[in-house]
1. Among the residues of the stretch 549-556, is there at least one that is polar (S, T, N, Q), on the phi > 0 side of the Ramachandran plot and either assigned to a strand (DSSP E or B) or without any contact (Cβ under 8 Å) to a residue 40 or more places away in the chain (or both)?
2. Between residues in the stretch 600-626 that are within 18 Å of Phe500 (Cα to Cα) and residues that are exposed (fewer than 10 other Cβ atoms within 10 Å of the Cβ), which pairs lie under 6 Å by C-beta distance while being six or more apart or on different chains?
3. Looking at the stretch 216-235 only, could you name the residues that are at pLDDT 95 or above and either part of a loop (DSSP other than H, G, I, E, B) or out of contact with any strand residue (DSSP E or B) (no Cβ under 8 Å at 6 or more places or on another chain) (or both)?
4. If you scan the stretch 160-205, which residues turn out to be over 14 Å from Lys48 (Cα atoms) and of a type in the set (Asp, Glu)?
5. Could you check the stretch 279-299 and list, in sequence order, the residues that are in contact with a helix residue (DSSP H, G or I) (Cβ under 6 Å, 6 or more places away or on another chain) and either closer than 20 Å to Asn351 by Cβ or part of a strand (DSSP E or B) (or both)?
6. Select from the stretch 342-361 the residues that are within 23 Å of Ser201 (Cβ to Cβ) and in contact with a helix residue (DSSP H, G or I) (Cβ under 7 Å, 6 or more places away or on another chain) and write down the one among them that is surrounded by the fewest Cβ atoms within 10 Å (Cβ to Cβ).
7. Output the residues belonging to the stretch 265-300 that are surrounded by fewer than 21 Cβ atoms within 10 Å (Cβ to Cβ) and of a type in the set (Val, Ile, Thr).
8. Condition first: more than 12 Å from the chain's Cα centre (by Cα) and either in a strand (DSSP E or B) or closer than 27 Å to Ile100 by Cα (or both). Now tell me which residues in the stretch 349-367 satisfy that.
Amino acid sequence: MGKPNQMDYDTNWLDKYKDMIATPGQALSQLRPGQRVFIGTGCGEPKKLVKALTDRASKLADMEIVQLLTLGEAPYAHKKLTDCFLVNSFFIADNIRELIQEGLGKYTPIFLSDIPRLFSSGQLPLDAALIQVTPPDERGKVSLGISVDIVKSAAENASLVIAQVNSQMPRTLGDSFIDVYDLDFLVPADIPIFETTAPESTEVTRRIGKRIAALIEDGSTIEVGIGRIPHTAVDFLKEKQNLGIHTEMFTDNIIDLVESGAVTGARKTLDRGKIVASFCFGTRRLYDYIHNNPLFSFRPTEYVNNPFIIAKQYKMVAINTALEIDLTGQVCADSLGTKFYSGIGGQVDFNSGAARSYGGKAIIALPSTTSDGNTSRIVAKLSPGAGVVTTRGDVHYVVTEYGVAYLHGKSVRDRALALISIAHPRFLETLLKEAIEAKYLRKELADVGESFIIAPHEAKTSLLLDDGTKINFRPIHPTDEPKMKDLLYTLSQDAVYSRFMTHVQRFPYKQIKDFVFVDHRKEVAIVAVLPEAHGEDIIAVGRYYLDPRTNRAEVAFVVRDDWQGRGIGKFLFRHLTNIAKRHGISGFTAEVLRENKRMQAIFNNSDLRVRSKLNDDIYSFEMDFN
């Protein structure tokens, strides 16, 4: 590791390969009008070659510039040069966005993993490739450094390869090397590699980042997509253990994550112990860190983004972002209406790979609103012209600052409920109305209103039973309706009678709806859940309803028959008591059948001041908080 120095390459390379050395002007003089020329990616863009190309603009009419993602200036993308250069990009960055949106350039939507095949098959033949490499080593090998991605494929398939040989380019290891004799011209350079800093996190991205981190288990292998949200999520992973990294790209904060001890790669199925990526961008600190560092393996896109390779990783987690998502789960990630904004990139590659990984998770994250807060990014229908990058059949986890929605295998009705519940509260009423109009939801839900508000995090807790089983307790959620229905119909007749004081044979939709739609202020409902492979099973539910006139709340709970007698009801009652105290409620009331000895015992053995009165086989309890 450390900064590049002369010992990292053949010190005699200038003499050894003098017949291949040229000035930028001499090398670029080989280009002709009408050719298709590839330009190297990201911070690895060969700036001297790009300048020389632009300087020859008047002699290069109708030249097509093919690129993935370039940072910094793109002088060839100037409007006055559109007769000379036609930009064809697989991803739209700031420096070419205006040109593309005005119809003066081309955007080619494609999965990143498919791009190398365009070059090798001849579907998109390249006349020339302008790339940047390290000086050759003693074996005559140059490293593509910080940008291997599709650059290696472009260099292998272009008829003419002009390489800017920069002594300041980090020498990255892995499948990043090209033989110097596979290059046609070597243009020496000793200039700084382009640097960029990640955008500052915001309160919204930090909240999203924490939620993403909570989904990532120890031993997972992660992919971090481009953007502020994935970058922020990395900052919350430092307490994890044995993470692996298999990602399209990374930035400076990978250093802090590695040095925290969270990353070992010990659980990876492939490339164990290695951080695998195809490109990176950041500051000199990052470039010095990865230089000759055997921890990092830079490999071409056709390997890194191969969904079948990704799927082989143990607990693969893909973290990607979106611009908009509709209530059925269609994800738009590359356009704002009809205006193309970014690109498909590796989202679909990693999303599909992670979804098929053993224990894997495919995550799409987005802020609940646009930056000005005026527009919801969760919508009943996508903006006119918006393109679908990840289909409703491929989406799994969706994360906003307000929560996590799991959509895969869920009906449109359940998806709509889940997504509305993690939208910005200001748009809940509108989204609910539009979902009912679209026939995604039943019209009986029109009155649930504020019940979509998610309860505070403090309402969550857990209980470890004597046999080591962990039971989680959390607020009930609108998407719990199917689980709640399962619980009610699993209860024995005795349990139903004890809880509801009636021998009901069925539970109407309205009753189940009232169970799961609560406002978490005057009404609180807590469920005890047991993690299962398919998600969670509800094994108990407790709730209270506040009477504002008395500042007392009526409390009740029920535990599934096969889990009774294990302390769950007692714990649930204590948890409800703590929540009620925090809300300033003065006490509980309850109605309990004479034969329901267990519930009576829970009340009478609590640390509350308890009074009870028997009337017609029903005990009326009043409990005061101290």
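The values are calculated or read from the model by the stated rules, or taken from the named source; none is laboratory data. Owing to the predicted nature of the structure, the values given are computational and were not obtained by experimental measurement. Cβ placement follows ideal geometry from the backbone for every residue including glycine, while neighbour counts extend to all protein chains displayed.
1. Yes, the stretch 549-556 contains at least one residue that is polar (S, T, N, Q), on the phi > 0 side of the Ramachandran plot and either assigned to a strand (DSSP E or B) or without any contact (Cβ under 8 Å) to a residue 40 or more places away in the chain (or both).
2. Sorted first by the residue in the stretch 600-626, then by its partner, the pairs are Ser620/Lys613.
3. Result: Gly219, Ser220.
4. Asp175, Asp179, Asp182, Asp184, Glu195, Glu200, Glu203, listed by residue number.
5. If the condition is that a residue be in contact with a helix residue (DSSP H, G or I) (Cβ under 6 Å, 6 or more places away or on another chain) and either closer than 20 Å to Asn351 by Cβ or part of a strand (DSSP E or B) (or both), then Phe296 is the only one that fits.
6. Lys361
7. Thr269, Thr283
8. Within the stretch 349-367, just Asp349 meets the criteria.
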